[in-house]
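Student: What follows is a single structure, and I will ask about it in a moment.
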Amino acid sequence: MTEESVVATIQHLQPELTTHFMHLVQTNHLAHAYLFNGADGTGRQELATVIAMRLFCQHVTAEGLPCGQCAECRRILAGDHPDVVSVIPDGQRIKVDQVRYLKSEFTKSAVEGNQKIFIVDQVDRMTTGAANSLLKFIEEPVGNTVALLLTANKNLILPTILSRTQVVDFLQVAPQAFAQALEKAGVAPSQRYLLATLTESVSAAQELTADDWLKEAQTQVGQWFSACTQGDEQAFVRVQTKLLPLALNRDRQGVLLDMLVQVWHDALRQQAGQVASDDLAFPQVATASQQVSQRLSIDQLVNVMTLTLATRSQLAGNMNFQTILEALTLQILAQVTR
Ligand SMILES: [Zn+2]
């Protein structure tokens, strides 16, 4: 990526947000922690980079943008600036050594008191340990620091982090394009919404639909959900007999947990009124979803959502998958039959 292109790209993708954040830097009104919520291709990483450049640039342009040419801008673009600490997971999870690096940089910034900016992409993939040190940092601001946390899906962010950051939603550049691409790839209408919540990449979507894995997982998660909503203890039995066989590997375990979040998210969305079946992740259990959304209070549904969201960090923290699911099911049954 060339110097000019990242500034030009973000101006093209998110003109209002760019102007807004350049103004915040200029007037020294940048908050301590932000959550940038935007799908891939919406410019969340580019905006973070340009904010970092603007903070350190030696030759800010007349339009209030970083020059992209000075030594500071170039070091940031090269990923080689000591006060721009950037963590981008190179796999499914934020790795242990990346967490150590973050922690040591947090500690250093407390000592040095320099202007420092932390950029953590895919923050939903943090382990519990990493999320905890991040929370500590957000709660006890040190020196002149800014944290930009980035995610493609804020539904997967722990409420503790959501409540302590300013959430900035990036407009989807082309949601229809993704839906059309899925249609072209032969994905059934009943799976499109679910897939869009699980991934932004058509090839990843095709991988999930191969061998009918997604279809089977959608059915089984739906039936587990129905049993949960009825307070039926079969939900607990289904974990071992129906859900575990689908958890072929670590990645699929993560996808299954994301699906549990989405099936309850459907119910939460239906509480505000019935949602069209094409806009549900689990249209085949729309009725159960509608009924439970009417029967439970918003507090109960939020509690269930919080429980399902917490499973992702439990998995990242290496808890046994079966234990996670069984504990979750028991907690949900307790909520539902309260
Ligand atoms: Zn510059």
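The values are calculated or read from the model by the stated rules, or taken from the named source; none is laboratory data. Computed from a predicted structure; not experimentally measured. So basically every Cβ, Gly included, is an ideal-geometry build from the backbone, and we count neighbours across all protein chains shown. Heads up: the accessible areas ignore ligands, DNA and RNA and are worked out on the full protein's heavy atoms, side chains in. Shrake-Rupley method; radii C 1.70, N 1.55, O 1.52, S 1.80 Å.
Student: Just one of Leu256, Leu307, Leu315 is open to solvent by less than 20 Å² (accessible area, probe 1.4 Å), among the hydrophobic types (A, V, I, L, M, F, W, C), in a helix (DSSP H, G or I) and farther than 13 Å from Trp224 by Cβ; which is it?
Tutor: On the way: Leu256 fails: farther than 13 Å from Trp224 by Cβ; Leu307 fails: open to solvent by less than 20 Å² (accessible area, probe 1.4 Å).
Just one listed residue meets the conditions, Leu315.
Student: Let me ask something else about it. Is it the case that some residue within the stretch 318-327 is more than 20 Å from Gly129 (Cβ to Cβ), of a type in the set (Gly, Ala, Ser), in a helix (DSSP H, G or I) and not assigned by TED's automatic domain parsing to the domain that holds Leu158? Reasoning before the result, please.
Tutor: So the first thing to find is which residues in the stretch 318-327 are more than 20 Å from Gly129 (Cβ to Cβ), and the list is 322, 325-326.
Filter once more, keeping what is of a type in the set (Gly, Ala, Ser): none.
There is no residue in the stretch 318-327 that is more than 20 Å from Gly129 (Cβ to Cβ), of a type in the set (Gly, Ala, Ser), in a helix (DSSP H, G or I) and not assigned by TED's automatic domain parsing to the domain that holds Leu158.
Student: Going through the stretch 1-44 one residue at a time, which ones are open to solvent by 80 Å² or more (accessible area, probe 1.4 Å), polar (S, T, N, Q) and outside any loop (DSSP other than H, G, I, E, B)?
Tutor: Within the stretch 1-44, Gln11, Thr19, Gln26 meet the criteria.
Student: Within the set of pairs 6 or more residues apart or between chains, which connect a residue that is in contact (Cβ under 8 Å) with a residue 60 or more places away in the chain inside the stretch 292-317 to a residue that is among the basic types (Lys, Arg) and open to solvent by 10 Å² or more (accessible area, probe 1.4 Å) with Cβ atoms less than 6 Å apart?
Tutor: Between residues of the stretch 292-317 that are in contact (Cβ under 8 Å) with a residue 60 or more places away in the chain and residues that are among the basic types (Lys, Arg) and open to solvent by 10 Å² or more (accessible area, probe 1.4 Å), the close pairs are Ala316/Arg93.
Student: Taking the residues in the stretch 55-75 that are more than 9 Å from the ligand (Cβ to nearest atom) and assigned to a helix (DSSP H, G or I) as candidates, determine which candidate is farthest from the chain's Cα centre (by Cα).
Tutor: The extreme case among them is Arg75.
Student: Right, something else. Taking only pairs six or more apart or across chains, which ones have beta-carbon atoms under 7 Å, a first residue in the stretch 66-80 that is at positive phi, and a second residue that is more than 6 Å from the ligand (Cβ to nearest atom) and at pLDDT below 95?
Tutor: Listed by first residue and then by second, the contacts come to Gly68/Glu3; Gly68/Glu4; Gly68/Val7; Gly79/Ser86.
Student: Would you confirm whether any residue within the stretch 29-46 is without any contact (Cβ under 8 Å) to a residue 24 or more places away in the chain, assigned by TED's automatic domain parsing to the domain that holds Ala131 and more than 16 Å from the ligand (Cβ to nearest atom)? Can you show your working first?
Tutor: So the first thing to find is which residues in the stretch 29-46 are without any contact (Cβ under 8 Å) to a residue 24 or more places away in the chain, and the list is 29.
Right, trim to assigned by TED's automatic domain parsing to the domain that holds Ala131 and you get 29.
Of the ones still in play, those that are also more than 16 Å from the ligand (Cβ to nearest atom) are 29.
Within the stretch 29-46 (the criterion being without any contact (Cβ under 8 Å) to a residue 24 or more places away in the chain, assigned by TED's automatic domain parsing to the domain that holds Ala131 and more than 16 Å from the ligand (Cβ to nearest atom)), the answer is yes, since at least one residue qualifies.
Student: Among residues belonging to the stretch 234-251 that are out of contact with any Leu (no Cβ under 7 Å at 6 or more places or on another chain) and modelled with pLDDT of 95 or more, point out the one that is nearest to Ala288 (Cα to Cα). Before the answer, list the steps.
Tutor: Of the residues in the stretch 234-251, the ones out of contact with any Leu (no Cβ under 7 Å at 6 or more places or on another chain) are 234, 237-238, 240-242, 244-245, 248-251.
If we keep only those that are modelled with pLDDT of 95 or more too, we end up with 234, 237-238, 240-242, 244-245.
Working: Gln234: 16, Val237: 19, Arg238: 17, Gln240: 22, Thr241: 22, Lys242: 19, Leu244: 23, Pro245: 24 Å.
The qualifying residue nearest to Ala288 (Cα to Cα) is Gln234.
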